[in-house]
Structure formats: structure tokens, C-alpha cells
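Take a look at the structure below.
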Amino acid sequence: MSEDIIISLDHVSKWFGEKRVLKDVSLNIKRGEFVTILGPSGCGKTTTLRIIAGFETPDEGNISIGGNLMNDVQPHKRPVNTVFQRYALFPHLNVFDNIAFGLKLKGMSRSEIETRVMRVLKMVSMTDYEWRNVDSLSGGQQQRVAIARAIVNQPAVLLLDEPLSALDHKMRKDMQIELKQMHKQLGITFVYVTHDQEEALTLSDTVVVMNNGVIQQIGSPTDIYNEPVNCFVADFIGESNIFNATMIEDRKVSFMGHEFECVDEGFGENVPVDVVVRPEDIYIMPKTDKGQFDGVVASCIFKGVHYEITVNTPDGYELMIQDYNPFEAGMEVSMIIKPNDIQVMRKERICNTFEGEMTDESHVEILGGEFECLPQEGLSAGDKVRVEVDFDKVDLTDDKRDGTCEGDIRFILYKADHYHLHVRAVNREYIYVDTQDVWEDRDIVGINIRPEDMRITRIEEGAQA
Amino acid sequence: MKKLFARLYLGLILLMLYAPLIFIAVSSFTESRVLGNWTGFSTKLYSNLFSGEMSNSGLMSAVNNTLLIALIAALVSTLLGTLAAIGIFHSRGRRKNVVMFLNNIPMVNPDVITGVSLFLLFVFLGVTQGYVSVVLAHITFCTPYVVLNVLPKLHQMNPKTYEAALDLGATPGQALRKVLIPQLMPGMVTGFILAFTMSLDDFAVTFFTRGTVGLETLSTFIYTDARKGGLTPELRPLMTIIFIVVFALLLIFNIRQERAAKKKALLK
């Protein structure tokens, strides 16, 4: 392992009961880096932090800090300190005793403790507050005490669990700047957990994007923003237009019924891909024959600095565009997208694939439900099969009782002319659905697939292993 | 008119509640051996009580036993109840509900049944009947009250403070002592006071578990005394004093709660 790696997670997995909250997470954090773990709630980011702090132990894989294996090391013996969400200050102690808590445990002399506490109080601009009761402090002040309490112990790594989430917008901005300065001043490693993408982009040297317990992408803020590796990252970080596209050949991609030049190579020819274009990267102008494609303005909203314009194309695509100039609703416009601004991403999958079992020759069990299929010659009950279903061939019903099995919607992605949904079926497997209908996150739905839309192949016994 | 009636009604109820206590308190300041006769103001009964005049009757030793048993029972059940509450708080789902249910049953169980069943258990286990069995019995019925008083404090507490202590280098034991216990203290104090008073006034359980060694607490002493015919007059000042002490404790307790509520309201 390299000398400047301070924290290393090596193929870490974690289960909470049946649920696997971390799936094979590997992550190296360099000494002195400001790393942000970013993701929606429930993505596993806090669990990752708790594994580093020692409040959770990995079920699989290893965690090392400073080159030492830490799997079984108790939290109080780790060279890290945490700033907790909602602070977790000790309400029965005053500011001074809160901050001195760790130092007193180390058996430091009274005078040494006093010097150190005063130094950090100065650092977080809380001098003269040392004898105050922590309950009498404002949210921002409590936050400062929480930070002071952690850094006074001079840890090798400071862990911050959504430390600014309880503060109002203005205060959050100020604290971001202070945190950044503090990081520079202390020179220690910061590991910061947040669901706020703007915070992540502003603060970090490196951003780790997580979803469903899996690391999606690790990179610098500009990398993450400009070159997202998949639809989830593109959608989660900033605003974006995401399209189903076909890579025709190197440097040529087709979407919205048009061909565009791009800068990506090496995807192959006629390969289905996803394309993301940021709203500020689409050039909009009154209708002219110099544009690559045309459309009609549906709405235009002033956002302070820029206007947010929604444009419909004749082929039924809806685009979001940001521009400094207003365009009236109903106006005919032309658009240009430059090759540099088209980000091509490999598709994670191009159709649904399930493994299931025949229950008789015209029924197959997948997703925890028994689906009717076309009669399968040569297959009988108990045979293991692979079932493929295209995204747009899945029907969702409002009433879960109308479906062959039920599921709940876990993720919704708008793809310019349709929605791409991730639906979790009763057996916790995911089915991916393309639909024109509007659904809401966490809706409970029924799932139906027409018999003729299932492609069934036998899984050979020998091939299973 | 309506208001006057309401006040009269309230006054009547309070009078009925407090008349016996006032009666005892008043008659503690006279020398008459017969309760209800007023033979002039005197503090003789009080001086008898404290001068050692009563040492032969067993009253003072009964008082000492009562206080000692109540103190030990309250201390031990505060400790046990607090640990139990922490355990219950951190268990989940079905197990939590079952344990809470089991915790609540002894409180609604009639004392006679608790007393008889503990008596049978102690005989079966061969526990010495007397001090030990009475203290054990009192701990048994006091502990659930402590659990009920500590649990809300755990719910109010930020559970992350325990982890914060570990994070700052405290061992689990240090975190318990320096962070958890101080935050639970108000609930533990309330639980202790409740346990103390529950033990103090218990009759049924003590009666069944004290065995035949002649251990008397205040309640069993009064019971025996009354059956001998007529109450010892010195009980009147004793009861008055106990009432005043309990009243004072309750007052302190209520003022404390009021203050805590006010402080909380101010913070919000």
C-alpha cells in the first residue's frame, strides 16, 4: 500500500438483517485529502463513515487506518474523531468541559488542557463562550463547539456526518468556507458525508458518489460534474438532460432523432448508450437554419442569474436549457450542442434479465410472482430459466392487486421523452421500466408482463457453477 | 352561583381527603391516651418519641427497619432499573414489547398476590426469612417504577452522545459513567424517590415475606399494635412527621419538574 493512503476500505460489505447496505465497497483516502461521500438518504454513506469511526464492523472486507487493520478495534482506540449530525454535545457539561472531554480522558494536565481548549475555541471563533451551557447556544454555535470538541484531540482523520444539515442556508454557506479554511490550517484528512451535491462540489478534493450501497463514481468535483459515469450520477449531481442514444461510430452519436458529433471513442459501432447534456451547455437562439435541431419554448422561468427554459421538440422530447436571455413561451427556437458538451455513458443494462424457475410449461416464477408465459417446449416444472424483458414491455398498475406481483418505485429518471423507473419487487430484485406515465417515488404498484414479451432460455445445469 | 358551587364541591372533597391527616396532626399535640380526647396542648408525645421512652415498645426499631429497608431497596432498584431501562431502550421490536409488558405486570398485580408468591418462592429457594427476604421482595416491586421513570429520559437523550463519548476516547464503562448516567440522573432520582416511598408504605408484601423472626416495619408494627387494642399514642406524632417529610419531598419534586419544563419552554 502506498505511503500516503491513510484510510483504506477493501471490499467492505455490511448487512442490516436481510438488507445489504454496503456492497463490496473499496475506497482509498489519501492523507490530507478532503473527501466527500455523497448520495441520497439510505445509500450507505453514513454506514461507511460509521465503519471508519468504529461504530459498525464490516461483515466482509477490511478497514485499515494508517496501514493498521482496524476491523476489531474499538472506536475509542481509533485515531479518528467525529463531528456528529445534530452535534451530540453533552448537555450536562458546559462548552469548556465538552471540548476538554477527550483530553481529560487522556489524563492531560489541567494547564495543558486549558491551553488546548482556548486554542481551538479561538479557531472556531467561540472565545468567551467557554463557561456557557451548551443548551443556551444557537445551532451554529453548537456546531462550532462540536467541531472544536473533535479537533482538539488532534486526530489524524476528522469525520463529519452531515454536520451542516441542521443549519439555515446562509449559515451553511459561511460554515462551508470556514470548514475549508480549517482543513487547510489543520492539514489533516477530512471525510465528509452529505446528501447536498452543492456542498460536495464546493468543499471537496475528491467526491465519492454512492447509491444503494455501491460506489458509483470517485473523482474530483469537476470530473464528477462534467464526466458522470452513469445516469444516476448525472441526475444526482446538478441538472441534466439524459437521453437514450446510439453510438453510431467513434465521435458520432445519435439521439432525439438527430446525429451529433461528440468526442467519445471506443464504445463500438451501433451500441446503445446514455447521453447527458447539461442545461447550460445547450445553446438556444431564435429559429434559424444554423441550428442542429428546432423546438418550441414551453415555459421560461427567471432563476436569479439565468433563465430556465423548457423546450419541446417536434419529435416529442422535452429539454431543459439555461440561458442568460429570456425566450417567450410559444416562441420557435433552434438549438446547438457542441461535441465537447456531450457526455456519453455506457448503459448499465439494455434489458431486464431475471433468473427464475418454471412452475409448469406456461408459467414461470420470477420477482416473487408467478407470470404466465407462452408455452415452452421442452421445459417442465422446476427447470431453471433466464427471462429477458425489454424496459418498455413492463406494465405497471395503480392497484397492486391488478399486478402479477407487486413492487415499489425506488428511483425515477426523466429521459427527455419518457421516464425510466427502478421498481423493487417483493423479492427485493429490481425491474427496470420505461414508461410515459408519471409515477411518484415510493409508489406501490402492480407489475404485469405480457406472455409474448418474455424471452425465456434454459439455464444449463453445468453452466450454473 | 355556579362557580361558588364548584368551589364548595372541591373544598368538600379536599376536606374529606385531608381530614384524617389533620385529625392525626392535631391530636398529636395533646397528651390524651385516647384518640379524640383533647386534654390541652402539649408536645409530650413528641418528646417521648425522641427521648428514648419508646425503646421498649419496638416502635423506634420498626421505624429504623423501615427506613433501612426502604433505603437499600430504593438504591438497589434504582441501579437495576436504570440498567434494565438502558437494555430495554436498545432492544427492538417484539422483544422490547414483551419485556415492557413483563415490566408493567408487577405494578398492577395486587400486593397480596405478589407477597404470597414471593413468600412461596423464598421458602422454595430456602432464602432466609427476615431482613434479606423483605429487602429482596421490596427490590422486586420497586424496580419496575424506576424503569418507567428512566425510560423517558433515554428517549429524550440524544443517543449519539454515547457514541460521541466513545469517539472521544472513552471506554464503554467511562461513557456510561460520564455521559449516560448524568443525563439519566433526573429520571433516576425520581425513580429512587418513588421506590423509597413505595417501600416505606408497603404492608402486604412485607407481612408475607418477613418470616417468623420477629422483624417489624412500621406498617406491620401498627397492624400488631392496633390488634392489641388501641394505638400507641406516640404513633400520632410519628405519622405527622412522616406526612410532612413526604409532603416536602413531593413539593421539591414538583418544583423541580416545573423548573425543568420552564427551562425547556424557554429554549424553544
* Asked: When a footprinting reagent is the concern and you count Cβ atoms within 10 Å, what order do A:15, A:131, A:439 take, fewest first?
  -> A:131, A:15, A:439
* Taking only the alpha carbons of the range A:261-327, what extent do you get along each of the three principal axes, in Å, biggest first? -> 41, 25, 21
* Structure fact -> Share (percent) of C-alpha pair distances in the range B:156-239 greater than 19 Å works out to 61 percent
* Asked: Considering every pair of different Cα atoms, what Kirkwood radius, in Å, is found for the range A:67-193?
  -> 15.0 Å
* Structure fact -> If each K or R counts +1 and each D or E counts -1, the residues other than residue B:166 whose Cβ falls under 10 Å of its Cβ total 0
* To do: Using per-residue counts of other Cβ atoms within 10 Å, averaged over each peptide, order B:197-206, A:371-380 from highest down.
  => B:197-206, A:371-380
* Model label zone, residue A:459; criterion: amide N under 15 Å from point 7 Å along Cα-to-beta-carbon; scope the range A:376-406 -> A:382-389
* Asked: Farthest toward the dipole's positive end in the range A:5-231, which of A:166, A:201, A:103, given Cβ charges of +1 (Lys, Arg) and -1 (Asp, Glu) about the Cα centre?
  -> A:103
* Structure fact -> The helix A:95-105 Cα axis meets the longest alpha-carbon principal axis of chain A at an angle in degrees, between 0 and 90 and rounded to 10, of 90 degrees
* Structure fact -> Scattering profile of the range A:352-458 from the Debye formula, Cα beads only, expressed as log10 I(q)/I(0) at q = 0.14, 0.16, 0.17 Å⁻¹, is -0.51, -0.65, -0.73
* **chain B: angle of helix B:131-156 to the longest principal axis, Cα-based, in degrees nearest 10** => 50 degrees
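State the three equivalent ellipsoid semi-axes of the protein assembly as shown, derived from the C-alpha gyration tensor as the square roots of 5 times its eigenvalues, in descending order and whole Å. The partial results should precede the final answer.
Working: eigenvalues 987, 227, 146 Å².
Gyration-tensor ellipsoid for the protein assembly as shown: 70, 34, 27 Å.
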* Asked: In what sequence, highest mean first, do A:234-241, A:267-274, A:117-124, B:96-103 appear when ranked by Cβ atoms within 10 angstrom?
  -> A:234-241, A:117-124, A:267-274, B:96-103
* **Flagged links, alpha-carbon separation over 28 Å, of A:14/B:160; A:122/B:262; B:96/B:178; A:23/A:104; B:96/B:160; A:180/B:160** => A:122/B:262; A:23/A:104
* Structure fact -> With label points set 7 Å from each Cα along the Cα-to-Cβ direction at residue A:180 and residue B:224, the distance between them in nm comes to 8.3 nm
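Taking K and R as +1 and D and E as -1, what net charge do the other residues with C-beta under 11 Å from the C-beta of residue A:140 add up to? List each step's numbers first, then the result.
Details: positive: A:144, A:170, A:172; negative: A:168, A:174, A:178.
The answer is 0.
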* Asked: If contacts are Cα pairs under 8 angstrom and at least 6 residues apart, what is the relative contact order of chain B in percent?
  -> 30 percent
* Asked: For chain B, what is the charge dipole size about the Cα centre, in debye to the nearest 20, if Lys and Arg each add +1 at the Cβ and Asp and Glu each add -1 at the Cβ?
  -> 1280 debye
* So what is the calculated 222 nm ellipticity per residue for chain A, using -39500 (n - 2.57) for each DSSP H run with n of 4 or more, over all residues, to the nearest 500 deg cm²/dmol? -> -5500 deg cm²/dmol
* Structure fact -> proj_area_mean for the range B:113-268 (convex hull on C-alpha atoms), units nm², value 13.1 nm²
* Cα-projected label distance for residue B:120 with residue B:158, points at 7 Å along beta-carbon direction, nm -> 5.1 nm
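First select every other residue whose beta carbon is under 11 angstrom from the beta carbon of residue A:404; then total the charges, Lys and Arg +1, Asp and Glu -1.
Details: positive: A:400, A:401, A:450; negative: A:365, A:370, A:372, A:395, A:402, A:406.
Residues near residue A:404 contribute -3 overall.
Bear in mind these aren't lab numbers, they're just calculated from the coordinates by the rules spelled out. Everything numeric in this text was worked out from a predicted model, so none of it was measured. All Cβ positions, glycine included, derive from the backbone under ideal geometry; neighbour counts span all protein chains shown.
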